[in-house]
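Notes for the one structure printed next.
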Amino acid sequence: MQFFNAPTVFSVTQLSRYLKELLETDDILQNIWVQGEISGCKTYTSGHCYFTLKDTESQLQCVFFKNARLRSSAPDLRDGMGIAAYGRISFYERDGKLQLYVEGVELLGEGALFLRFEQLKARLAAEGLFDENRKRPLPAQPAVIGIVTSPQAAALRDMLRVLRSRYPLAKVILAPTLVQGSEAPASIAAAIELLNEQGEAEVIIVGRGGGSIEELWAFNEEIVARAIARSRIPVISGVGHETDFTIADLVADYRASTPTAAAAAAVPDIADWQIDLQTKQEELNELMVELLSDLGEKLEREQRDLQRANPRSLLDRRRQQLDDTALLLQTRLQHILSLRDERLRGLALRLHALSPLITIARGYAVVRRDSDSAIVTSVQHTHPGDALTIQVTDGSIPVEVRTT
């Protein structure tokens, strides 16, 4: 075995340290400028920035620590920028990779990919493909949803999970496609056209998960943009993460930040329906209670009206009115009779007071002329021979006038 005959056998750690030492003792590699285009740039909350510096044939991993960024007053870096990076080359033993530890950067202008992006963006914008007035509204309750993505993508599982949880009534049609690589743009465009030809889908989701600018580049190609613009079916784009922005996002009828957000935008949430249904059911119950209460009150009023209109009730009321009237008449008659009786008594007393009998009872007498029953109050009213009657208390005395 050659292994046992080898003069020196290195462990992985020993080899890593050896490579690291070789690199760090090379004067050129410890004071070097490297130019290229930034890709996969990420700045963490710690302030450290990690990116890949690349050209058409090669790429180099770079680390730009927070202190170095502050010392060099470096601008914020982003994908597509062309820069010249100054620093030192070393070997990162844990991950087994060669890295440029950046100490400073100088901008060289926008990178080739960014330039292509801006040129296509300007041309399509001039044609009106990004205009808001050409974007179509999404269907409120789509029965069929088309998805354009890779069958192996984790993004597909995420979208299906969201669709099942939010709106299980919808049917999903997958138009499988490549989502990265040189053949991906034509594959994506063909999948969009296939769903339009099939015609069953009411909305199309075009998406994939996050990645570097190169991995997402298929969604920046003109063939994909024009396929989205030609689609008769509204298109939702859900490419990468919130910070990723592609030409497909600009052309689509609706741009979602992620594939998961795209699925959520495509369908209503059945949980909201359930809440709304419960609310409406409570409102309906309240209306029914109110209606039944109103109908109950109306029924009671009509029953009272019916009772009042009943002939028996009317007759009873008339009888009661007759009794009340009779009692009133009787009361009034008694009152009148009482008044008349009192008045009669008063008159009788007055008459009694004026009665001659009262005067006679006091010792007086009443003298009447028999011929005409006239009362004689003076001797001049008599003549000799006149027959008179003297009325006293206990009777009368007939007399004859002899002389006057």
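The values are calculated or read from the model by the stated rules, or taken from the named source; none is laboratory data. Since the structure is predicted, the reported quantities are computational estimates derived from the model, not experimental observations. Positions of Cβ are backbone-derived with ideal geometry, glycine not excepted, and every protein chain shown enters the neighbour counts.
So that you can scan it fast, the table gives a plain yes or no per residue for (1) under 51 Å from the mean Cα position of the chain (by Cα); (2) at pLDDT 85 or above; (3) assigned to a helix (DSSP H, G or I); (4) charged (D, E, K, R):
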site	(1), (2), (3), (4)
Ala261	yes, yes, yes, no
Thr279	yes, yes, yes, no
Asn285	yes, yes, yes, no
Ser293	yes, yes, yes, no
Lys298	yes, yes, yes, yes
Leu315	no, no, yes, no
Ser338	no, yes, yes, no
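For Gln141, the conditions (1) surrounded by 21 or more Cβ atoms within 10 Å (Cβ to Cβ); (2) in contact (Cβ under 8 Å) with a residue 60 or more places away in the chain are fulfilled apart from (1).
Applying a threshold of 8 Å to beta carbon distances and a minimum spacing of six or more residues, or different chains, the list of pairs starting in region 196-217 at a residue that is in contact (Cβ under 8 Å) with a residue 24 or more places away in the chain and polar (S, T, N, Q) and ending at one that is assigned to a loop (DSSP other than H, G, I, E, B) and crowded, with 18+ Cβ neighbours inside 10 Å reads Asn196/Ser231; Asn196/Ile233; Ser212/Asp79. A single member of Leu98, Leu77, Leu107, Leu113 is closer than 22 Å to Thr56 by Cα, in contact (Cβ under 8 Å) with a residue 12 or more places away in the chain and in contact with a Cys (Cβ under 6 Å, 6 or more places away or on another chain), and it is Leu77. Go through the residues of region 129-138 one by one and say whether even a single one is out of contact with any Ser or Thr (no Cβ under 6 Å at 6 or more places or on another chain), surrounded by 13 or more Cβ atoms within 10 Å (Cβ to Cβ), in a helix (DSSP H, G or I) and of a type in the set (A, V, I, L, M, F, W, C). No. Within region 236-259, restricting attention to residues that are over 29 Å from the mean Cα position of the chain (by Cα) and over 16 Å from Phe130 (Cα atoms), the residue that is modelled with the highest pLDDT is Val239. Consider region 70-88 and keep the residues that are surrounded by 15 or more Cβ atoms within 10 Å (Cβ to Cβ) and of a type in the set (A, V, I, L, M, F, W, C). The one that is modelled with the highest pLDDT is Ala85.
Please verify whether Phe91 is of a type in the set (A, V, I, L, M, F, W, C), under 20 Å from Leu23 (Cα atoms), touching a helix residue (DSSP H, G or I) at 6+ places or on another chain (Cβ under 6 Å) and crowded, with 18+ Cβ neighbours inside 10 Å, treating the condition exactly as stated. Taking the combined requirement at face value, the residue satisfies it.
Here is the figure for region 214-230: residues that are touching a helix residue (DSSP H, G or I) at 6+ places or on another chain (Cβ under 6 Å) and either under 16 Å from Gly181 (Cβ atoms) or outside the structural domain of Ala154 (by TED's automatic domain parsing) (or both) total 6. When only residues in region 32-69 that are of a type in the set (S, T, N, Q) and within 12 Å of Tyr101 (Cβ to Cβ) count, which is modelled with the highest pLDDT? Filtering first and then ranking leaves Gln61. Considering only region 87-101, I want to know if a residue exists there that is more than 30 Å from Asp272 (Cα to Cα) and outside the structural domain of Cys41 (by TED's automatic domain parsing). Within region 87-101, not a single residue is more than 30 Å from Asp272 (Cα to Cα) and outside the structural domain of Cys41 (by TED's automatic domain parsing).
Listed by position, the helices (runs of 4 or more DSSP H) contained in region 1-89 that have at least 2 residues being more than 20 Å from Glu214 (Cα to Cα) and in contact with a strand residue (DSSP E or B) (Cβ under 6 Å, 6 or more places away or on another chain) are 12-24, 66-72. The single residue among Ile233, Ile192, Ile205 that is under 27 Å from Ala143 (Cβ atoms), in the same structural domain as Gly146 (by TED's automatic domain parsing), assigned to a loop (DSSP other than H, G, I, E, B) and modelled with pLDDT of 95 or more turns out to be Ile233. The criterion of being of a type in the set (S, T, N, Q), surrounded by 11 or more Cβ atoms within 10 Å (Cβ to Cβ) and in the same structural domain as Gly96 (by TED's automatic domain parsing) holds for Thr52.
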